[in-house]
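The values are calculated or read from the model by the stated rules, or taken from the named source; none is laboratory data. If you're wondering where the values come from, they're calculated on a predicted model, not measured in any experiment. Cβ placement follows ideal geometry from the backbone for every residue including glycine, while neighbour counts extend to all protein chains displayed. When the accessible area is computed, the model is the full protein with side chains, heavy atoms only, and any ligands, DNA or RNA have been set aside. Shrake-Rupley method; radii C 1.70, N 1.55, O 1.52, S 1.80 Å.
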Amino acid sequence: MITLDSPVAAVLGESKKAKKFTDGLGMRTVGDLLHHFPRRYVQTGTLTKLDDLQPGQMLSVVGEVVSSQVKSHTDRRTGKVMHRVETSLRTDGPRLQITFFARSHQSAQWRATKLAPGQPGLFIGQAKLFNNQWQLAHPQMVLFGAQGGSEDGDIATVDAMADLYPIYPLTKGLESWDVARVVTFARSVVDALPEVVPDAVREQYDVVDAATALEWVHVPERLEQVKQAQRHYRFEEALVTQLVLARRRRAVRALGAQARDGGDGALLTAFDASLPFELTDGQREIGAQVEADLAHPYPMNRLLQGEVGSGKTLVALRAMLRVVDSGGQAALLAPTEVLAQQHHRSITALLGDLAGGGVFGGTSVELLTGSMSKTQRTGPMSRLGSGEAGIVIGTHALLEERVQFADLGLVVVDEQHRFGVEQRAALTDKAGSPPHVLVMTATPIPRTVAMTVFGDLETSVLRELPAGRAPIQSNVVNLVDHPGWVNRVWERVREEVDKGHQAYVVCPRIAGDELEQGEVDVPEVDEDGEPVRPQADRPPLAAVEDVVTELAEGPLEGLRLAVLHGRMAPDAKDATMRAFAAGEIDVLVSTTVIEVGVDVHNATAMVILDADRFGVSQLHQLRGRVGRGGLPGLCLLVSHAEQLSAARDRLDAVAGTTDGFELSRVDLEQRREGDVLGRSQSGWRSTLQNLRVLRDEQTIVEAREAAESLLEADESLGGSPLLADAVADLEASANADFIEKS
């Protein structure tokens, strides 16, 4: 009996290509083979329409042979007679020329006979342009209706073929027809397929059964069948994932949390009365949502999304004050010391006299960072442990075991994607009962977008900007085609300084090849995930210590320049930022250490060198450092990225919109779901095999609805044992652990 769990060798047998399946494609079971789905389908009944051919493009085309001629010539170097077949192929577009070399005249004649005029087939190869003639280099072929075998193994013949031919993901040495043959055999011998999705759910949501889905995904007759098969696998995956998430939410609620209803609200009321401005409608609305969450006897788990400068920190501070009014404590976790110090300064300034502690009925606001000495930490840690301090702002130092709280009621995580799962869990574990959690992000990065769609977090969105925010103009400075444009870049910086304003210059390196602390050098990859070779004539990446010297001795000579990067001592970084904020520095040459939280209203210009080395969300965050004081902002994205590259597409997207929510979708479409369930943070591959978060939003919403109904009827899923097993498998995995801790 052969099942999905049987070793794949059970259907591969003694095939010479068995290792290609096991080692090359990583298949271990028959289920792995049957769930190795085609990545696309070629219509065999019509000639392929070819538009906008590009040299080097991989083609899978249905064409018809127009002519085949055997030609011979003598190799001048060896004196040997060489034989080749030149074939002309008709498509619904330009004709393709194919040249085959043969070992002998007889072999060439045999091939020319197979490729007779009028012979249709599927041809897979790389497009090349030679002497204004499109060529298909060394293609693999499937000839429709051809008889006889292959002389040298590179022609497949098919007597009967469906209207849609599957093109599978492959490894070296395997072709699509190799996979198709083995899949066809496996389908014929495998026992009944397990039906994971209950019949009633499939009927309600129009999902075909497992056997039909398997047939239609591998041997469809119509594209509509492909869509129905794909819906089956996407819905099944979404349902299992939604059940895991829903059960985790229920488990957390069952643990309970201390309700933080705000007590008499004296501190929050006094704070609101002291503000020199009115809260925006969005800040009031989300503040009410958060207050309602905090009053529940189970943990809040809310994501606060908001554009750069929309006032997320103010919303978070009001939530922290409500918790302090309730007798608890709040912690704000920031990814860098610069941001932690910035938060401490801005929150202390916002609180004014209320930040002094008991004298004015306020609360003590502490700062705790890794660079502080043991003596400097003693006071804040003592006040946290005793409960005297109501609010603490810090970096990873807050996660250390010796940092204890009297009653931690709320954890606010700023730029939550900068922290690993275990790090966030270490802080929430410091509470006696599960604390309420508020995570903030200015640009929803792909993982955040995905988890939002999956419903793991309740979401709030701040779309309106407070009064005083000015528009930011962003432009790509293309140095590949216009190397002289860099001179105008520095002229614009000097013009801004001459107006009394300040500017940032951002570099991807500190010195030479040295990365900023916490940064990862991720190579550019193509659409198939293969590393893109760097341009041979591209100059070395810009480094802070080199750039500041070049600017001081060149185009920005006479201006007050300073550097800022993660290798500097914390006191030096803080002093530099204070001097820049005070207007004592004209141009700050920095790494991405200024990416988030830095708020200097007089800074109006930013130059990002080698901008293609940064991601979409990072560029948007960096750009948000200018235009914060009512003055129009300028961001120049300087790049050596070539046209049509993925890197250039990113830059054009950032220059084209300042809508962070739109950019998050661009980011997700480019990066796909590799990090959706934490591959980069847990060391495991994403569990998402068939789903695409943006494409399948409606399916995910339907699956969440179905999951809630199933759990409402029977939380154990006892009536659906196969579905219960699938959920248990995911819950037991490292990815389920990631979901739980998020």
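Brief remarks on what is shown
- Residue count, segment 1-38 (criterion: part of a helix (DSSP H, G or I), open to solvent by 30 Å² or more (accessible area, probe 1.4 Å) and over 28 Å from residue 691 (Cα atoms)): 3
- Residues in segment 474-490 that are among the β-branched types (Val, Ile, Thr) and not in a helix (DSSP H, G or I) were compared, and the one that is farthest from residue 638 (Cα to Cα) is 480.
- Residues (assigned to a loop (DSSP other than H, G, I, E, B) and surrounded by 14 or more Cβ atoms within 10 Å (Cβ to Cβ)) located in segment 372-386: 372
- Checking residue 568 against (1) in a loop (DSSP other than H, G, I, E, B); (2) touching a residue at least 24 places away in the same chain (Cβ under 8 Å); (3) farther than 20 Å from residue 491 by Cβ, the condition it does not meet: (2)
- Restricted to segment 165-273, the set of helices (runs of 4 or more DSSP H) holding at least 3 residues that are within 17 Å of residue 700 (Cα to Cα) comprises 199-204, 223-255.
- Residues in segment 260-289 that are touching a Leu at 6+ places or on another chain (Cβ under 7 Å) and among the aliphatic types (A, V, I, L, M): 267, 268, 270, 286.
- When residues in segment 145-164 are screened for being in a strand (DSSP E or B) and modelled with pLDDT under 75, 4 of them pass.
- Among residues of segment 39-58 being among the charged types (D, E, K, R) and touching a residue at least 24 places away in the same chain (Cβ under 8 Å), the one that is surrounded by the fewest Cβ atoms within 10 Å (Cβ to Cβ) is 51.
- Filter result for the condition that a residue is over 21 Å from residue 390 (Cα atoms), touching a Ser or Thr at 6+ places or on another chain (Cβ under 9 Å) and not hydroxyl-bearing (Ser, Thr, Tyr), over 307, 278: 307
Residues are listed down the side, and each one gets a yes or a no for (1) hydroxyl-bearing (Ser, Thr, Tyr); (2) in contact with a His (Cβ under 6 Å, 6 or more places away or on another chain); (3) open to solvent by 20 Å² or more (accessible area, probe 1.4 Å):
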residue: 244; (1), (2), (3): no, no, no
residue: 261; (1), (2), (3): no, no, yes
residue: 283; (1), (2), (3): no, no, no
residue: 300; (1), (2), (3): no, yes, no
residue: 317; (1), (2), (3): no, no, no
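- Some residue of segment 199-217 being in contact with a Pro (Cβ under 8 Å, 6 or more places away or on another chain), touching a residue at least 60 places away in the same chain (Cβ under 8 Å) and buried (at least 21 other Cβ atoms within 10 Å of the Cβ): yes
- Meets criteria (farther than 30 Å from residue 622 by Cα and either touching a Pro at 6+ places or on another chain (Cβ under 7 Å) or modelled with pLDDT under 80 (or both)) for residue 723: yes
- Taken over segment 627-645, residues that are modelled with pLDDT of 80 or more and over 16 Å from residue 606 (Cα atoms) amount to 5.
- Residues considered: 397, 330, 389, 355. Of these, the only one that is of a type in the set (A, V, I, L, M, F, W, C), free of Cβ contacts under 8 Å to residues at least 12 places away in the same chain and either open to solvent by less than 20 Å² (accessible area, probe 1.4 Å) or over 20 Å from residue 440 (Cα atoms) (or both) is 355.
- Looking across segment 285-298, not a single residue is open to solvent by less than 20 Å² (accessible area, probe 1.4 Å) and assigned to a loop (DSSP other than H, G, I, E, B).
- Listed conditions (1) modelled with pLDDT of 90 or more; (2) buried (at least 18 other Cβ atoms within 10 Å of the Cβ) are all met by residue 61, apart from (1).
- The lone exception for residue 321 - which of (1) at pLDDT below 95; (2) open to solvent by less than 20 Å² (accessible area, probe 1.4 Å) it fails: (1)
- Of note, residue 624 does not satisfy the criterion of being touching a residue at least 24 places away in the same chain (Cβ under 8 Å), surrounded by fewer than 22 Cβ atoms within 10 Å (Cβ to Cβ) and within 16 Å of residue 415 (Cα to Cα).
- Qualifying positions in segment 575-594 - part of a loop (DSSP other than H, G, I, E, B), out of contact with any Lys or Arg (no Cβ under 8 Å at 6 or more places or on another chain) and closer than 28 Å to residue 539 by Cβ: none
- Selection count, segment 649-700, where residues are in contact with a helix residue (DSSP H, G or I) (Cβ under 8 Å, 6 or more places away or on another chain), of a type in the set (A, V, I, L, M, F, W, C) and at pLDDT 55 or above: 11
- Residue match in segment 225-232 (condition: modelled with pLDDT of 95 or more, among the charged types (D, E, K, R), open to solvent by 60 Å² or more (accessible area, probe 1.4 Å) and closer than 22 Å to residue 695 by Cα): yes
- Residues in segment 362-371 that are of a type in the set (Ser, Thr, Tyr), open to solvent by less than 40 Å² (accessible area, probe 1.4 Å) and not in a strand (DSSP E or B): 363, 369.
- Filter result for the condition that a residue is more than 34 Å from the chain's Cα centre (by Cα) and within 23 Å of residue 627 (Cβ to Cβ), over 554, 583, 558: 583
- For segment 407-442, taking the residues that are of a type outside the set (A, V, I, L, M), crowded, with 21+ Cβ neighbours inside 10 Å and in contact with an Asp or Glu (Cβ under 8 Å, 6 or more places away or on another chain), the one that is modelled with the lowest pLDDT is identified as 441.
- Any hit, segment 626-636, residues being over 23 Å from residue 552 (Cβ atoms) and within 25 Å of the chain's Cα centre (by Cα): no
So that you can scan it fast, the table gives a plain yes or no per residue for (1) free of Cβ contacts under 8 Å to residues at least 60 places away in the same chain; (2) not in a strand (DSSP E or B):
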{"site": "86", "(1), (2)": "yes, no"}
{"site": "118", "(1), (2)": "yes, yes"}
{"site": "123", "(1), (2)": "no, no"}
{"site": "127", "(1), (2)": "no, no"}
{"site": "143", "(1), (2)": "yes, no"}
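- One residue stands out in segment 601-621 among those that are assigned to a loop (DSSP other than H, G, I, E, B) and closer than 15 Å to residue 472 by Cα: the one that is most open to solvent (accessible area, probe 1.4 Å), namely 601.
- Scanning segment 77-108 for residues that are more than 18 Å from residue 122 (Cβ to Cβ), of a type in the set (S, T, N, Q) and surrounded by 15 or more Cβ atoms within 10 Å (Cβ to Cβ) yields a count of 1.
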